[in-house]
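In what follows, a structure is listed as C-alpha cells, so that the remarks can point back to it.
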Amino acid sequence: KGGRPPAIADRALTRSKVIQCYVVPIDNLLIVPTTSKKLADTVTGELVRVMGSLKATTIYVSEAKASLTTRLSSYLDEVNDREGPPFGSFEVGSKCKLRSSDGRRFSFDLGADLSEAREGINEAVRVGSQIEEIELLDGDLAFRFTSDFKLKGIDPGAEPSKADEFDDALEHWKHEAGIQVDAVHRIVTEVCALLDYKEPVPTEGTEAFA
C-alpha cells in the first residue's frame, strides 16, 4: 500500500494480415497479390524457408532493354526496330506518368491528343525526364506497368459475376480468383516475351518459382 504502481512495459500492438497466394504450376509462377514489397518478401522468404529444397528465382532484365522511356519514344515516333513494335503485342493506353530530373512527377493523357503528347513527352525526355508508369492494353485486359517492372491496377476486362449464379460463396470466389490469376499469368508471360527474358534452367531436384 502506498507504493508506486508496478511499471507497465511498452508493448507494440500486432496486427495479422492474410495474403492469399496463387501458383500457376505449368509455368512455376507464384503470385503474391500485394503492393507491399515487404509483405511479398516475407511471404516468399517464408516459403523458401519451409520448403528447404525450393529454388526461387527472380526475373531480372536489362534496364536498357526494358526502358519504358525508350520504348514510348519509339512508339510515339512510330518507330519499329527489327524486334517488332516497342511494346510487342500490347497497345498503349491513355495513362502515362513521367518523373523529371529534379524529382517532379507529372502525367500525360495519351488518349486526348497524341500529337500534343508526342511533343510534350519528347521534350520532357530531351531534358532528362523518364517514363515512370504507363498503361498497357491487350484486348479487354488493361494494367499499368512501371519503370521498376511492377504491375499495378490490373483490370481483366470481365464483368464481375453475381453470387446467385453459383451454388455457394466458395464457388463464386474460385471463379473470380481464376479470372484474376489468368489475367496476371497472361500479363507476366507476355511481359517476359516483350523483355526477352530467358528463364534459367532449374538444377536437378529443385523447382523454380519466378
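The values are calculated or read from the model by the stated rules, or taken from the named source; none is laboratory data. Model, not experiment: these values are computed from the prediction. Ligands, DNA and RNA are stripped out before the accessible areas are found, and what is left, the full protein with its side chains, is counted by its heavy atoms. Shrake-Rupley method; radii C 1.70, N 1.55, O 1.52, S 1.80 Å.
In table form, for the structure just shown:
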| item | result |
| --- | --- |
| Rounded to whole Hz, the Karplus (6.51, -1.76, 1.60) HN-Hα couplings of region 35-42, x for glycine and proline | 8, 8, 4, 4, 5, 4, 5, 5 |
| D109 accessible area, 1.4 Å probe, all protein chains in place, Å² to nearest 10 | 80 Å² |
| E176 accessible area, 1.4 Å probe, all protein chains in place, Å² to nearest 10 | 50 Å² |
| Estimated vicinal HN-Hα couplings, Hz - region 164-170 in sequence order (Karplus 6.51, -1.76, 1.60; Gly, Pro = x) | 6, 7, 10, 5, 7, 5, 5 |
| Whether region 116-202 is rounded, prolate or oblate, judged on the alpha carbon gyration tensor where a/c under 1.5 counts as rounded | oblate |
